[in-house]
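Here is the structure we will look at.
The values are calculated or read from the model by the stated rules, or taken from the named source; none is laboratory data. The structure presented is a predicted model; accordingly, all values stated were derived computationally and were not measured. Cβ: placed from backbone, ideal geometry, glycine included. Neighbour counts: every protein chain shown.
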C-alpha cells in the first residue's frame, strides 16, 4: 500500500513538473526573446495613438512607446494593424503578444484580458460643429440628437449612462470616422478622448469641444490573462520610463499638445 501511495505521489510530482515545464515553455516573454520579435496589435487609424502619416510612416504615441520597448530589449517590432473591434481578438487568439492602444480596462474587458497599470488618465469629451447650439456636453445629450462613437469603444457605455436620451451612432474606422460623420452632418456630435479631439479641432476648424467631460478614465495596454510574466514586465517598464522622464515626454507631445498634428500629419481618410 505504501509502495502504491509512493508511486502515486511520484506520479503527481511528475505531472506537476510537466505542467510547470509547459507553463515555462509557454511564457511569451521567452518567446519574444527567442524569436527576436515583439508582435503588437495597434489601431489601423487612430491618431494620436497609432496612424500612418503623410510620409507613409506608422507613428503615434503607442507606436513610439512599443518601439522604445523593443529597442530596449533588442528585438524587432512587428506592428499588426486592426480596427478597434479587432484588437482584443488579435490578442486572445495569440496573433499578437499584446495590444497597445488607448483602451480603458473596463470590467467586461478584464474578463478576457490582463491590463497593465495605467500609463495615464484621460478625459473623454464631446465635440460638435460651432454652428450647433451646444455649449456644455449635457446640451448634446437630449432627445433628437445623434452622437457618433467608434464601434466597440467603451464610450458607447459612457453615452448609454450619461446621455440616455440621445441616439448613439457607431462608426468603424476609429476616431477619424467619427469626426468625418460629424463634419458631414451624419451626427450632431462626436465623442472621443481629449487628445484625439484636440487634433480634430485643427483638421476641422468648424468644430469645438463642449464644456466639461462626461467621463475620465485610465488608459492601459493589455495581454492575455495567463501571460503574467509579460504583464509584470510591462508594468515594470512603465514604472522605469516614468522615473526617467521618457513617458512624460511622450505623453506631453502626443497627448497634451497638438504639435504632432503639424510635425507628423496623418493621411486624410476617405
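With respect to the numbered conditions (1) at pLDDT below 95; (2) part of a strand (DSSP E or B), which one is the sole condition not fulfilled by residue 220?
With (1) at pLDDT below 95; (2) part of a strand (DSSP E or B) applied to residue 220, the lone miss is (1).
Looking at (1) outside any strand (DSSP E or B); (2) in contact with a strand residue (DSSP E or B) (Cβ under 8 Å, 6 or more places away or on another chain); (3) touching a residue at least 60 places away in the same chain (Cβ under 8 Å); (4) not assigned by TED's automatic domain parsing to the domain that holds residue 244, which is the one condition that is false for residue 32?
(4)
Output the residue which, of all residues in region 57-72 that are surrounded by fewer than 13 Cβ atoms within 10 Å (Cβ to Cβ) and in contact (Cβ under 8 Å) with a residue 40 or more places away in the chain, is nearest to the chain's Cα centre (by Cα).
This residue is 57.
Examine region 157-179 for a residue that is buried (at least 21 other Cβ atoms within 10 Å of the Cβ) and out of contact with any strand residue (DSSP E or B) (no Cβ under 7 Å at 6 or more places or on another chain), and state whether such a residue exists.
Yes - at least one qualifying residue is present in region 157-179.
On the given criteria, is residue 96 modelled with pLDDT of 95 or more, surrounded by 15 or more Cβ atoms within 10 Å (Cβ to Cβ), part of a helix (DSSP H, G or I) and not assigned by TED's automatic domain parsing to the domain that holds residue 180?
Criteria not met by residue 96.
Grab the helices (runs of 4 or more DSSP H) fully contained in region 125-212, keeping just those with 1 or more residues being at positive phi.
174-183
Residues in region 237-244: is at least one over 17 Å from the mean Cα position of the chain (by Cα), in contact (Cβ under 8 Å) with a residue 24 or more places away in the chain and in the same structural domain as residue 146 (by TED's automatic domain parsing)?
Checked against the condition, which is being over 17 Å from the mean Cα position of the chain (by Cα), in contact (Cβ under 8 Å) with a residue 24 or more places away in the chain and in the same structural domain as residue 146 (by TED's automatic domain parsing), region 237-244 yields no hits at all.
Please work out which one of (1) over 15 Å from the mean Cα position of the chain (by Cα); (2) surrounded by fewer than 20 Cβ atoms within 10 Å (Cβ to Cβ); (3) farther than 19 Å from residue 157 by Cβ; (4) touching a residue at least 40 places away in the same chain (Cβ under 8 Å) is the condition residue 138 fails and give its number.
(3)
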